[in-house]
Amino acid sequence: MAAVGGAARSRFAVVGGGIAGVTCAEKLAAEFPSEDIFLMTASPVIKAVTNFKQVSKTLEEFDVEEQPSSLLEKRYPNIRVIQSGVKQLKSDEHKIYTEDGKEYIYEKLCLCAGAKPKLIVEGNPYVLGIRDTDSAQAFQKNLAQAERIVVVGNGGIALELVYEIQGCEVIWAIKDKAIGNTFFDAGAAEFLIPKLTAESQETPIECKRTKYTVEGMEERSTAAPDKLGSALGPDWHEGLHLKGTKEFSHKVHIEILCEVRKIHLQQEFIQLQRTSLTFPKGEKNVEPDEVLWPVYVELTNGKIYGCNFIVSATGVVPNIGPFLHGNNFAVGEDGGLKVDKHMHTSLPDVYAAGDICTAAWEPSPVWHQMRLWTQARQMGWYAAKCMVADALGEPIDMDFSFELFAHVTKFFNYKVVVLGKYNAQGLGSDHELMLRCTKGHEYVKVVMQNGRMMGAVLIGETDLEETFENLILNQMDLSAYGEDLLNPDIDIEDYFD
């Protein structure tokens, strides 16, 4: 590591201690064992991929573990973790300035600074955004004193949250017709809903991740709420005791097709002289609420509910702020740094991967970008490969993981696999759906277009993921099979091995 005029320099630098950044740094470190790799992160812990399993050609499963950055440096002695946020990037000079006043010179840089929660309002003490481990802990603390909360949002975190909360009334406001819209259609939502109202839950599966806290973390999280940790792991709610003050298990009321119009603090609400509602007991029950709540949520459907606090789980915005000043990045419609098919941004020698970037290449017809763990890992790994190829002047092919969108997760204790255009994304009206559902056991949906399979949702232990993955990848004409494709009495794998 040569220092020139006070600046440390390195061939490769990576910004961000989340999955994309750590994966990228590890791959670079393995490819260039004699070069120092700089990894800059504002947090004392990094996110590491553990128990990685390639389940099929495109499906992968792994755990995400928070680890002290010293563990990463032990595994890869040539990774230098620089624990400081980035203050400024001067891309024309190939320089990074960190918050602690130091400067670093790089030859190639990968930005993996993730995304931050899209809060419904900024700066309201009764509105919590959940994205990283700190915010999950703050939520747990608040929930312990809560009798009723309002959850806004319909993605993976909202789904898990609503399912895990016990002993607290939950009003869940979603802008769609059905729950879990990012992952499911209305049919899958119907299949899952009975789990929400079940009185008691199965014993949760033992959590496979060890939890790390770093000394001094507690003080840090209260002192600097704007310092973002990296996103939560797939089983983030495990080990958190998500229980309110009441003795019942689940009480969830879903308000569909609505958003938050306004949030009123108690004083403002009293002055409004409007009526708020009690927790609905049946469809017809709309009784005025006698209780005074700390905060009130007015929905676009005209209803007002009082609650202890509001959870904003309405997705994320790419965290590009620190890098914009003085750099002319091309930015996508969703606010991410645009990258081409080699993960290159619009600036020379600057790459990006994970939640911060927007895939601006022409995607395969059955792949789309989604800000998920799996894609953060794939992009971080592939970005490193591209940086290496570029440094060595070698050509590189697009990575196979961008051929087919594939994600495996767990919701409500069910295994959930989504493949390809599983919600008919971008297919217009020119497609048909085939369904097979056994209540409480499994839900299988395939999206067909012109006799070819374009996507699938599999909930439960269906064992169909590899067969369906192959059928989507090879685009075979399946018209001849018709409805038999999903006939449980026919062993479909036998046809297509």
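The values are calculated or read from the model by the stated rules, or taken from the named source; none is laboratory data. These figures come from a predicted structure and were not determined experimentally. So basically every Cβ, Gly included, is an ideal-geometry build from the backbone, and we count neighbours across all protein chains shown. Quick note on the areas: whole protein, heavy atoms, side chains included, nothing else; ligands and nucleic acids left out. Shrake-Rupley method; radii C 1.70, N 1.55, O 1.52, S 1.80 Å.
Pick from the stretch 58-78 the residues that are touching a Pro at 6+ places or on another chain (Cβ under 7 Å) and buried (at least 19 other Cβ atoms within 10 Å of the Cβ): which of them is nearest to Phe468 (Cα to Cα)? Taking the candidates together, the pick is Val64.
Would you check if Glu283 is at pLDDT 90 or above, of a type in the set (Asp, Glu), in a loop (DSSP other than H, G, I, E, B) and surrounded by fewer than 12 Cβ atoms within 10 Å (Cβ to Cβ)? When the stated conditions are applied, Glu283 does not pass them. In this structure, does Gly302 turn out to be part of a loop (DSSP other than H, G, I, E, B) and either more than 30 Å from Lys95 (Cα to Cα) or modelled with pLDDT under 90 (or both)? Taking the combined requirement at face value, the residue satisfies it.
Within the stretch 431-461, being in contact (Cβ under 8 Å) with a residue 40 or more places away in the chain and not in a strand (DSSP E or B) holds for Lys439, Gly440, Gly460, Glu461. Apart from one condition, Asn51 fits all of (1) open to solvent by 30 Å² or more (accessible area, probe 1.4 Å); (2) at negative phi; the exception is (2).
Among the residues here, Lys421 qualifies as within 20 Å of Asn154 (Cβ to Cβ) and either open to solvent by less than 20 Å² (accessible area, probe 1.4 Å) or under 20 Å from the mean Cα position of the chain (by Cα) (or both).
Put simply, of Pro322, Pro294, Pro318 the only residue that is under 33 Å from the mean Cα position of the chain (by Cα) and under 19 Å from Cys168 (Cβ atoms) is Pro294. Restricting attention to the stretch 79-94, the residues being over 24 Å from the mean Cα position of the chain (by Cα) and crowded, with 18+ Cβ neighbours inside 10 Å number 7.
Annotation: Thr98 fulfils all but one of (1) at pLDDT below 85; (2) among the polar types (S, T, N, Q); (3) in the same structural domain as His325 (by the TED database); the unmet one is (1). Remark: pairs (first residue in the stretch 275-295, more than 14 Å from Arg148 (Cβ to Cβ); second residue of a type in the set (D, E, K, R) and modelled with pLDDT under 90; Cβ separation under 8 Å; 6+ apart in sequence or on different chains) = Thr275/Asp289. Pairing each residue of the stretch 125-136 that is assigned by the TED database to the domain that holds Leu161 and open to solvent by 20 Å² or more (accessible area, probe 1.4 Å) with any residue that is at pLDDT below 65 and among the small types (Gly, Ala, Ser), provided the two are 6+ apart or on different chains, yields C-beta distances under 7 Å for Arg131/Ala231; Thr133/Gly229; Asp134/Ser221; Asp134/Gly229.
Of His342, His407, His368, all but one fail to be over 15 Å from Val14 (Cβ atoms) and assigned to a strand (DSSP E or B); the exception is His407.
Among the residues of the stretch 398-414, those that are more than 18 Å from Val366 (Cα to Cα) and open to solvent by 40 Å² or more (accessible area, probe 1.4 Å) comprise Lys410, Asn413. From the list Ala30, Ala13, Ala48, which one is touching a residue at least 24 places away in the same chain (Cβ under 8 Å), assigned by the TED database to the domain that holds Met398, assigned to a helix (DSSP H, G or I) and under 28 Å from Leu392 (Cβ atoms)? The unique qualifying residue is Ala30.
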